[in-house]
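Values in this text are rule-based calculations from the coordinates and carry no lab data. Everything numeric in this text was worked out from a predicted model, so none of it was measured. Note that each Cβ is placed from the backbone with ideal geometry, even for glycine, and that neighbours are counted across all protein chains shown.
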Amino acid sequence: MSALWVFLNLLCLLVSGLLCIPVVVLVLQVVTASFARRRSPQAAMLPSPTPTAPRFAVIMPAHNEAQGITQAIQTVLPQCQPGDRLIVVADNCSDDTAAVALAAGAEVIERFDTHLRGKGYALDFGVRHLAASKPPEVAVIVDADCLVAPGALATLVLSSVAHQRPVQALYLMHSPPDAGLKTRIAEFAWVVKNHVRPLGYVRWGWPCQLMGTGMAFPWELIRQAPLATGHIVEDMQLGLDLAAAGSPPLFCEAALVSSHFPSQAEGTQSQRTRWEHGHLSVIAAHAPRLIWQALTRRQGVLLAMALDLCVPPLASLVLMLLGWFVLSGLWWWLAGWGSPAALAGVALAGLSLAVGLSWYGFARHVVSGRELLSVPAYVLGKIPLYMRLLLKKGQAEWVRTKRDPGPVQPPSPPPDQN
């Protein structure tokens, strides 16, 4: 066997091994979350009571959210005590978001800058505004299209003070009434990403990614954080920056924030494109550096977060594994070496196990078992999205998702399915 042949065999084995890494992380998270839910269905990371509730301020960035922001405000204000604040940052609005928010009882500040656009700049504007007066002990970020469950703000604030770290609420997205199967499968994938995976990690004492809303920060952390950015997944970027600086985010299942997927196909497509392209770009740009940094510093928590980052969106992971399984199978046929194909097959089996356990324990109310069999068709439908990314036509800047008028589904705890 020539040296080139040996090199190609080893390269194929290396690719199979690398693809196994996100699957191993995912299986660990899902299995741990499943056992944790069986032992304590409503387990929560609750801090010890404190005699005096910390003062907090909610920053709510809003760009043309006049139609739904009143409901979001109405879920926040009842949870505020005297001295707490709700600041709506009406960012580059062309509608009457500012007037509607003011009428609903929020403090409102307006920002206009057509060159520096994006949620990160709005958040930075809100933090600078708070810093100019008596700042709070904790800042909480809530999106203008989200509803906050009763008691969630107090839970987040107390947890953030107790641990002196960023704390991320459970953030769920619901399908609108009469949603099609594709949207409900997307909701299932969201449950895996935002509920199952961080729940599994927190049982080991490991951090989670920030999810963009329902996030609480000790004031000194958020004051110094690099917020002013137009990155399309600014929340994930912020969480990684804080983790690298020694303050990895902590998941709190007991605090619930919810929103809904757009019913319009255009809004859903733009939202998914932004999330998935942004996630994949962050993996490519930061995962190797974070892993190296964690290993050289011997920081296990940072390594855990970096490995969690390496788990791509489920659809892209399925496509990568299927594609490599086919290619490695062809290599087996040509070269007679089946180890890479066997390893890819094991990874596919592990991924199937993780999906099945996640559905059974957390998402049977979202899709039925028969509908779950449609996942391969859903995944194949994502190929054009990933082709645009490969062809360098990914979404590079923040674009507001087109939302639906009218009410969003009120937040409620996910049902116990065990």
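Some notes on this structure:
- All aspartates and glutamates inside 18 Å of Lys382 as judged from Cα atoms, apart from same-chain residues fewer than 8 positions distant: Glu187, Glu266, Glu276, Glu371
- Loop sites in the range 80-157: chymotrypsin sites (Phe, Trp or Tyr not before Pro), DSSP, at most 11 other Cβ within 10 Å: Phe112
- Three principal axis extents of the range 160-224 based on alpha-carbon atoms, in descending order, are 44, 26, 16 Å.
- Scalar couplings 3J(HN,Hα) for the range 364-379, obtained by applying the Karplus form with A = 6.51, B = -1.76, C = 1.60 to θ = phi - 60°, are 5, 7, 8, 9, 7, x, 5, 5, 4, 5, 7, 4, x, 5, 4, 5 Hz; x denotes Gly and Pro.
- Taking N as its residue count, the alpha carbon Rg of the range 76-161 over 2.2 N^0.38 Å: 1.12
- Nonlocal amide H pairs with Val58, under 5 Å, H built at 1.01 Å: Arg85, Leu86, Ile87, Val140
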